[in-house]
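A short write-up of the structure that comes next.
The values are calculated or read from the model by the stated rules, or taken from the named source; none is laboratory data. This one's a predicted model, so the numbers in the text were calculated from it and none came from an experiment. FYI the Cβ positions are ideal-geometry reconstructions off the backbone, even for glycines, and counts take in every protein chain you see. For accessibility, only protein heavy atoms count, side chains too; no ligands or nucleic acids. Shrake-Rupley method; radii C 1.70, N 1.55, O 1.52, S 1.80 Å.
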Amino acid sequence: MTDFHPRVFSGVQPTGNLHLGNYLGAIKNFVALQDSHDCIYCVVDLHAITVWQDPQELKQNIYEVTAAFLAAGVDATKHVVFNQSRVSAHAELGWILNCVSRIGWLNRMTQFKEKAGKNRENASVGLYVYPNLMAADILAYRATHVPVGDDQKQHLELARDIAQKFNHDYLGENAPPFFPLPEPVITGAATRVMSLRDGSRKMSKSEPSEMSRITLTDDADEIAKKIKKAKTDPDPLPGDKEGLQGRPEASNLVGIFAALSDRDVDAVLTEYGGKQFSEFKPALADLAVEVLAPIGAEMSRLLDAPEHLEAFLADGAARADAIASPVLSKVKEMVGFST
Ligand code: TYM
């Protein structure tokens, strides 16, 4: 296989209510990767409008995700932070990949089925082809690594299938590939953070109950209150990971503790095994406040000066475009367009 320049790409939708799952599953890993890789982090506004967004709120939410990236520690001067709609390569390559991807592949996407729900006929066409645009996001930069939460795994497998089919259809079996097959980076102790009210459901932006999630803009009191009220079972914490089997709420809270403190689950259980939730929850609340409150405070400071965020986004978009444009030109040539 050809050696590709190692490059990280990931995206977060500006759909409001950024939460602990987005942080632990994705944004925290964005920060960790920036010492070793060239990174591109994108506010995926084209993806957001696959479900109708209020235009005023969308704009504010674009700033909010940008502020979250910066507040969490992404260095937007060394790396690239921008919003997707500013770089036309995403939509253009997205179209070309719509013609590479297969209906049968999209029909297997569980996230579409969940989001479209019962009223599938009324879902936007954009929601259906959403994973093709996601493949275009990654492949426009020939990115090799994609840090995401566990729920994006299937979309990344599709991106790999699309990359492989494009390589095959336009270059044949034996030529060196044009697109790399992007690797998912799904790491940490909280790759799938669950709702605080129901350990069988994912923590999500769209869940009506605010008590189900900790958001990045919650203050210390709200964070502590939500953890105190989080659903648990009556038993004390077990001494090892096996003891968490069949205990989804306990497992979720221990995973959150481990991820927030950069420890593994066993290390947390060595300390808290045998203890009651009445002791564990206050420790978790303190830890969550210690990690999240400074991020929330920095976000609100950044959001007070949107003109600075605008400047970061404009600069990031110019640098993103400089990487994606030559890739898109080559793709157009390979496809046979007169350019
Ligand atoms: P989005 O905006 O839904 O979520 C952003 C990131 O947060 C992760 N995540 C979670 N991780 C752990 N536990 C949870 N409960 C949880 N909820 C969300 C997601 O896995 C994601 O990493 N399709 C993507 C956005 C996207 C993208 C891309 C990602 C568009 N193009 C290209 C990577 C590469 C999405 O909807 O993420």
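So is Gln164 within 12 Å of the ligand (Cβ to nearest atom) and either open to solvent by 10 Å² or more (accessible area, probe 1.4 Å) or outside any helix (DSSP H, G or I) (or both) or not? Steps first, answer last, please.
On the way: within 12 Å of the ligand (Cβ to nearest atom): no; either open to solvent by 10 Å² or more (accessible area, probe 1.4 Å) or outside any helix (DSSP H, G or I) (or both): yes.
No: the conditions fail for Gln164.
So if I check each of Leu237, Leu216, which one is in contact (Cβ under 8 Å) with a residue 12 or more places away in the chain, among the hydrophobic types (A, V, I, L, M, F, W, C) and either touching a strand residue (DSSP E or B) at 6+ places or on another chain (Cβ under 9 Å) or open to solvent by 20 Å² or more (accessible area, probe 1.4 Å) (or both)?
Details: Leu237 fails: either touching a strand residue (DSSP E or B) at 6+ places or on another chain (Cβ under 9 Å) or open to solvent by 20 Å² or more (accessible area, probe 1.4 Å) (or both).
Answer to the selection: Leu216.
Tell me, yes or no, whether the range 143-150 has at least one residue that is within 11 Å of the ligand (Cβ to nearest atom) and either among the aromatic types (Phe, Trp, Tyr) or assigned to a helix (DSSP H, G or I) (or both). Steps first, answer last, please.
First, the residues of the range 143-150 that are within 11 Å of the ligand (Cβ to nearest atom): 143, 145-150.
Still in the running and either among the aromatic types (Phe, Trp, Tyr) or assigned to a helix (DSSP H, G or I) (or both): 150.
Taking every residue of the range 143-150 in turn, at least one turns out to be within 11 Å of the ligand (Cβ to nearest atom) and either among the aromatic types (Phe, Trp, Tyr) or assigned to a helix (DSSP H, G or I) (or both).
Only one of (1) open to solvent by 50 Å² or more (accessible area, probe 1.4 Å); (2) in a loop (DSSP other than H, G, I, E, B); (3) modelled with pLDDT of 95 or more fails for Asn174. Which number is that?
Status for Asn174: all satisfied but (3).
Taking the options Glu157, Glu207, name whichever one is among the charged types (D, E, K, R), open to solvent by 50 Å² or more (accessible area, probe 1.4 Å) and closer than 30 Å to Arg263 by Cα. Reasoning before the result, please.
Numbers: Glu207 fails: open to solvent by 50 Å² or more (accessible area, probe 1.4 Å).
Answer to the selection: Glu157.
Just to verify a result, which residue in the range 263-299, among those that are of a type in the set (Ser, Thr, Tyr) and closer than 11 Å to Pro238 by Cα, is least open to solvent (accessible area, probe 1.4 Å)?
Tyr272
Each row is one residue, and each column tells you yes or no for (1) under 30 Å from Gln34 (Cβ atoms); (2) assigned by TED's automatic domain parsing to the domain that holds His90; (3) open to solvent by 30 Å² or more (accessible area, probe 1.4 Å); (4) touching a Gly at 6+ places or on another chain (Cβ under 7 Å).
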| position | (1), (2), (3), (4) |
| --- | --- |
| Glu114 | no, yes, yes, no |
| Lys118 | no, yes, yes, no |
| Glu121 | no, yes, yes, no |
| His145 | yes, yes, yes, no |
| Gly149 | yes, yes, no, yes |
